[in-house]
Amino acid sequence: MFRTTMGDNLDPEKVSVIFELVIYVKDMNTESTVEMSCGWAEVPLSTLETDITKVKFDIQGGCPKAEVGIDPDAINTKRTGFKGFLSKITNNKITSSIVLSLRPLKTFTQETKFHMELMPSTCLI
């Protein structure tokens, strides 16, 4: 859940929410853990304020501060099932993307809306 209020003075056309996909690798011998960023997606705030229920965004490689191109040939294409069958027939390239499910505020119950109003003016849960 993402919440912001008019008092925050955020311009929805100039502000984005960034989702970073991170993998942690732990070496069992040394007990050290390494954080590896594997991609991220930027979602304009204006998109989150719509009545659309699902939105698809492209995943960028690397991290927001150090973007790296994603090599299409490095993507695992060994898909199974009907989608795998279709991709082999049509020779389609797999794109790196993420689908966000959105739920407009008006769809929540009055009780949930009440509790949301008690939260800080800008927060992401």
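Within the range 97-114, the set of residues being surrounded by 11 or more Cβ atoms within 10 Å (Cβ to Cβ) and either touching a helix residue (DSSP H, G or I) at 6+ places or on another chain (Cβ under 7 Å) or not polar (S, T, N, Q) (or both) comprises 98, 100, 102, 104, 105, 108, 113. When the range 17-38 is filtered for residues that are of a type in the set (Gly, Ala, Ser) and modelled with pLDDT of 85 or more, only 32 remains. Between a residue in the range 11-40 that is closer than 20 Å to residue 102 by Cβ and any residue that is in a loop (DSSP other than H, G, I, E, B) and among the charged types (D, E, K, R), which pairs come within a Cβ distance under 9 Å, given they are 6 or more apart or on different chains? If the second residue must be in a loop (DSSP other than H, G, I, E, B) and among the charged types (D, E, K, R), the pairs left are 12/49. The strands (runs of 3 or more DSSP E) located wholly in the range 1-68 that include 3 or more residues which are exposed (fewer than 12 other Cβ atoms within 10 Å of the Cβ) occupy 16-26, 33-44. Count of the range 39-57 residues, restricted to those that are at pLDDT 85 or above and among the acidic types (Asp, Glu), is 1. Taking first residues from the range 50-77 that are within 16 Å of residue 22 (Cα to Cα) and partners that are at pLDDT below 70 and among the acidic types (Asp, Glu), the Cβ contacts under 9 Å between residues at least 6 apart in sequence or on separate chains come to 61/71.
All conditions in (1) among the aromatic types (Phe, Trp, Tyr); (2) within 17 Å of the chain's Cα centre (by Cα); (3) at pLDDT 75 or above hold for residue 114, with the sole exception of (2).
The values are calculated or read from the model by the stated rules, or taken from the named source; none is laboratory data. Since the model is a prediction, treat every value here as computed from it, not as a measurement. Quick reminder, even Gly has a Cβ in these numbers, built from the backbone with ideal geometry, and neighbours come from all protein chains shown.
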